[in-house]
Amino acid sequence: MKELRLLIMLLLALSGSAVSLPAMARAQTGESASRFFPAKDLMRVGVYYYPEHWPAEQWERDFAKMEAMGFEFVHMAEFAWAFMEPEEGKFDFAWLDRAVSTAARHNLRVILCTPTPCPPAWMGEKYPETFLVGADGRRREHGSRGNNALADPTYLRLSNRIITELAQRYGRNPAVWGWQLDNEPIAQPDYSPSAEQAFREWLKARYKTIDVLNREWGAAFWSLKYNRFDQIRIPNPSYLYGPSPHAILDFRRFTADQTAKFLHWQAALLRRHIAPAQWITTNYISNIGSSDPRRSSELDFISFTLYPVSGGHNLGEDGFRLGWQHGMAFAGAFYKPIKGATGVMELQPGQVNWAWINPQPMPGAVRMWLWHAFAVGCSFASPYRFRQPLYGSEQYHYGIVGTDGVTPSPGGLEYEQVAREMRVLRTKYDPTAKTPPRYRARRTAILWNHENLWNIDQQKQTGMWDTWGHMFRYLEIAKSFGAPVDFISEADDFSTYPVLIAPAYQLIDEELVRKWTRYVEQGGHLVLTCRTGQKKRNGQLWEARWAEPIYPLIGAEVSFFDLLLNDGKGQVEMDSSIYEWNVWADVLKPFEGTESIAKYANQFYAGQTAVTHRLSVKGSVTYIGVQTKDGRLEKDVLRLVYKRAGIATLDYPAGVYVDWRDGFWVAVNYSSRATDIALSERAEVLLGSRPLKPADVLIWK
Ligand code: GAL
């Protein structure tokens, strides 16, 4: 999928972008972002439009069509810098004024964007230092997008000016609903001189003295040892054999911080001029690993982009048309808890143009994704884009209308249908509806820190390890139990979740172990999985037994770990059932009072423990040391954990998601088979029918 493709590109390029930015104004934080989105509106449906791509005579027709199709907002201008500032310091907003007012006349709220991903040709010509430098050592050039050095003072100066112009002009315009900063900030590695300088400053702020840096980086190894910060180069894996994993980890932290800093700086510029009712967000790629959306804490909320059908097999024979089943479930669970609101800023409207293979989505799938967006808590959703482009690098990419500019695509008709259905559902909204207690009781949190991902991926130990895939397995299990899932961070309150899963939580400190321990003592059910606790935050191993700081918590010793070949046939036994594994096996030695609930059944450690379970006075800790081939063992263990905790679980098939939101139950089906959803006798079906067919939606109260 596109996200993965980008992720891989980024991992290959790995670097950072540096910024010395003015002090940032604090966001209006503290209040939940839900204040921008009245619950009774449920989910607003809008669309992307590029007025600068089309003759001005067609705008009226296009906005009228959007209104007629039921769209409620329009998203514009993230790539239009060359039209706003055709020559350095000469601005032209007449066209955007006209587009905004035409949209408003058609009852479309406007999301405006800062155009920072696409500087005009004059900038690159006059100030080539504004481009980032790739891992290949080459400076990027004009002709694409998202190619800038975020630490370059000239890029920042010119960005400051265009953002301020926009904020002053539209910040009080009642047609403007909110702002998107930049586009899909993917924390691109940058090896430019400005990035290197900023990296050094970042390191100096973190470590204060070079001696501390040498210690934290383990710089005695291979005589890495530095005398001064200004000797430090950005570690570039394309030039270095075995770069320091500690330096790489810091470079990834720095790169994500720089991206967040750039966004916070933009937000502060906007906030000097915009009305408090206008919100500020950005659109992160749904599962990108290089940027860390949580670091953008000064935005009002974080939205995301999602392209479910992009050449992957997914589930079952029709999975390639139904779409990536984890995408929406993950994005809602990940982005909404950050600030209490989210939306899907870009959603695939039909066939795309950039995947390895670009199939047609299954009829109905676009509608299903939209209703799934609603189910996972999105306050808005918009397809990328209204019109199919006739030119440019996104030819072949579907829009809501086709190449003639007027005929709706199949996905366009599905959007229109959802916009209609949403209006009907709003009439059924009951503000007094309360989360059903049995659903609430299953609340599950997944503890997530991007730094684990960055560090593990640097030294996987087996080419078969997939950090995202490992996490998705646990998400899928919790969803199959019918649990509402939130991704949370270490700073969050664990105690409101009866179950907390920390998958492959490699980097820890003693404070985190204490927080986990308190959670368990107070009645929480903690599930840790393989690789957890191996390292300190700086990526160094403990000078202790392997992962020893978690021994008292899990009630066991992690003696060693083992990895098999890709055709390896490792076996684990639980309750007389045999499960196969070949990716990862932590071999455990339970202490007295800790139960061994699964054991290895072959290899030289047959009979030793793969999964432990320890009861505390009120809660429990389960350590799942193995990753099996099909995830059945993990699911059976978790079912036992929930059962012992007195939490009733359901058993939905893979790819079937059932969520409750604002008084409505919503079921969607990404599997290739119809499935029945049991409803209570009092249930009133509002949309859809049973059994639930693939690509279909069932909504009831
Ligand atoms: C997104 C990007 C959009 C557009 C789209 C095409 O990743 O943010 O600008 O390129 O892909 O599918």
- [ ] Look at the range 103-129 and say how many of its residues are touching an Asp or Glu at 6+ places or on another chain (Cβ under 6 Å) and more than 26 Å from S194 (Cα to Cα).
- [x] 2
Open item on the list: For the range 96-112, check the following and say yes or no: at least one residue is closer than 25 Å to N160 by Cα, buried (at least 20 other Cβ atoms within 10 Å of the Cβ) and within 16 Å of the ligand (Cβ to nearest atom).
Closed with: yes
Open item on the list: Looking at (1) part of a loop (DSSP other than H, G, I, E, B); (2) farther than 20 Å from I699 by Cα; (3) not small (G, A, S), which one does M345 not meet, given that it meets all the others?
Closed with: (1)
Open item on the list: Which residue is nearest to the ligand (Cβ to nearest atom), if the candidates are limited to the range 166-195 and must be open to solvent by 50 Å² or more (accessible area, probe 1.4 Å) and over 28 Å from I285 (Cβ atoms)?
Closed with: R169
- [ ] Scan the range 433-450 and give yes if some residue there is open to solvent by less than 30 Å² (accessible area, probe 1.4 Å), touching a Gly at 6+ places or on another chain (Cβ under 9 Å), within 29 Å of T255 (Cα to Cα) and not assigned by TED's automatic domain parsing to the domain that holds W354, otherwise no.
- [x] yes
Open item on the list: Being touching a Pro at 6+ places or on another chain (Cβ under 9 Å) and open to solvent by 50 Å² or more (accessible area, probe 1.4 Å) narrows it down to one residue among R690, R673, R639; which is it?
Closed with: R673
- [ ] Might you check whether a residue that is in contact with a Ser or Thr (Cβ under 8 Å, 6 or more places away or on another chain), open to solvent by 10 Å² or more (accessible area, probe 1.4 Å) and either part of a strand (DSSP E or B) or not charged (D, E, K, R) (or both) occurs anywhere in the range 196-203?
- [x] yes
Open item on the list: Quick check on the range 571-594: of everything there that is among the acidic types (D, E) and under 36 Å from the mean Cα position of the chain (by Cα), which residue is farthest from I554 (Cα to Cα)?
Closed with: E580
- [ ] Could you check, for the range 236-253, whether at least one of its residues is modelled with pLDDT of 95 or more, β-branched (V, I, T) and closer than 30 Å to A77 by Cα?
- [x] no
- [ ] Please tell me if A64 is of a type outside the set (D, E, K, R), within 16 Å of the ligand (Cβ to nearest atom), surrounded by 13 or more Cβ atoms within 10 Å (Cβ to Cβ) and assigned by TED's automatic domain parsing to the domain that holds G124.
- [x] no
Open item on the list: If a residue must be under 29 Å from the mean Cα position of the chain (by Cα) and open to solvent by 20 Å² or more (accessible area, probe 1.4 Å), how many such residues does the range 539-561 contain?
Closed with: 2
Open item on the list: Looking only at the range 204-230, filter to residues that are closer than 20 Å to T255 by Cβ and not in a loop (DSSP other than H, G, I, E, B); which one of those is least open to solvent (accessible area, probe 1.4 Å)?
Closed with: L213
- [ ] List every residue pair whose Cβ atoms sit under 8 Å apart, with the two residues 6 or more apart in sequence or on different chains, where the first one lies in the range 349-373 and is surrounded by 19 or more Cβ atoms within 10 Å (Cβ to Cβ) and among the aliphatic types (A, V, I, L, M) and the second, anywhere, is part of a loop (DSSP other than H, G, I, E, B) and at pLDDT below 95.
- [x] V352/S310
TODO: Answer yes or no: is there a residue in the range 458-471 that is open to solvent by less than 20 Å² (accessible area, probe 1.4 Å), closer than 30 Å to P243 by Cβ, touching a Gly at 6+ places or on another chain (Cβ under 9 Å) and assigned to a helix (DSSP H, G or I).
DONE: yes
- [ ] Quick one: count up the residues across the range 196-208 that are in contact (Cβ under 8 Å) with a residue 40 or more places away in the chain and under 10 Å from R233 (Cα atoms).
- [x] 3
TODO: Output the number of the condition that L564 fails; it satisfies all remaining conditions of (1) within 14 Å of K629 (Cβ to Cβ); (2) assigned to a strand (DSSP E or B); (3) open to solvent by 10 Å² or more (accessible area, probe 1.4 Å).
DONE: (2)
Open item on the list: Would you confirm, using the coordinates I've provided, whether F330 is open to solvent by less than 20 Å² (accessible area, probe 1.4 Å), more than 12 Å from the ligand (Cβ to nearest atom), modelled with pLDDT of 95 or more and out of contact with any Asp or Glu (no Cβ under 9 Å at 6 or more places or on another chain)?
Closed with: yes
Open item on the list: Can you tell me how many residues within the range 380-403 are β-branched (V, I, T) and either open to solvent by 10 Å² or more (accessible area, probe 1.4 Å) or more than 26 Å from the chain's Cα centre (by Cα) (or both)?
Closed with: 2
Open item on the list: Against the condition among the aliphatic types (A, V, I, L, M), modelled with pLDDT of 95 or more, within 16 Å of the ligand (Cβ to nearest atom) and open to solvent by 30 Å² or more (accessible area, probe 1.4 Å), how does L413 come out, does it pass?
Closed with: no
Open item on the list: Restricting to the range 305-327, count the residues that are of a type in the set (D, E) and within 16 Å of the ligand (Cβ to nearest atom).
Closed with: 0
Open item on the list: Among the numbered criteria (1) touching a strand residue (DSSP E or B) at 6+ places or on another chain (Cβ under 8 Å); (2) within 16 Å of the ligand (Cβ to nearest atom); (3) open to solvent by 20 Å² or more (accessible area, probe 1.4 Å), which one does S144 miss?
Closed with: (1)
Open item on the list: Residue pairs, Cβ under 7 Å, 6 or more apart or interchain, first in the range 388-403 and without any contact (Cβ under 8 Å) to a residue 24 or more places away in the chain, second exposed (fewer than 12 other Cβ atoms within 10 Å of the Cβ). List them.
Closed with: T403/L390
Task: Check on P86, over 30 Å from E125 (Cα atoms) and either at pLDDT 95 or above or within 24 Å of the chain's Cα centre (by Cα) (or both) - done: no
Open item on the list: Looking at the range 356-379, can you tell me whether even one residue there is over 18 Å from the mean Cα position of the chain (by Cα), of a type in the set (D, E, K, R) and within 11 Å of the ligand (Cβ to nearest atom)?
Closed with: no
Task: Within the range 571-623, considering residues that are part of a loop (DSSP other than H, G, I, E, B) and of a type in the set (G, A, S), the one surrounded by the fewest Cβ atoms within 10 Å (Cβ to Cβ) - done: S576
Open item on the list: Quick test for you: out of I248, I302, I234, pick the one residue that is of a type outside the set (K, R), touching a residue at least 12 places away in the same chain (Cβ under 8 Å), within 16 Å of the ligand (Cβ to nearest atom) and surrounded by 22 or more Cβ atoms within 10 Å (Cβ to Cβ).
Closed with: I302
TODO: Hey, can you tell me all the residues within the range 305-319 that are open to solvent by less than 10 Å² (accessible area, probe 1.4 Å), outside any helix (DSSP H, G or I) and farther than 30 Å from D257 by Cα?
DONE: V309
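The values are calculated or read from the model by the stated rules, or taken from the named source; none is laboratory data. No experiment lies behind these values; they were computed from the predicted model shown. Cβ: placed from backbone, ideal geometry, glycine included. Neighbour counts: every protein chain shown. Side chains are part of the model used for accessible areas, which takes the heavy atoms of the whole protein and leaves out ligands, DNA and RNA. Shrake-Rupley method; radii C 1.70, N 1.55, O 1.52, S 1.80 Å.
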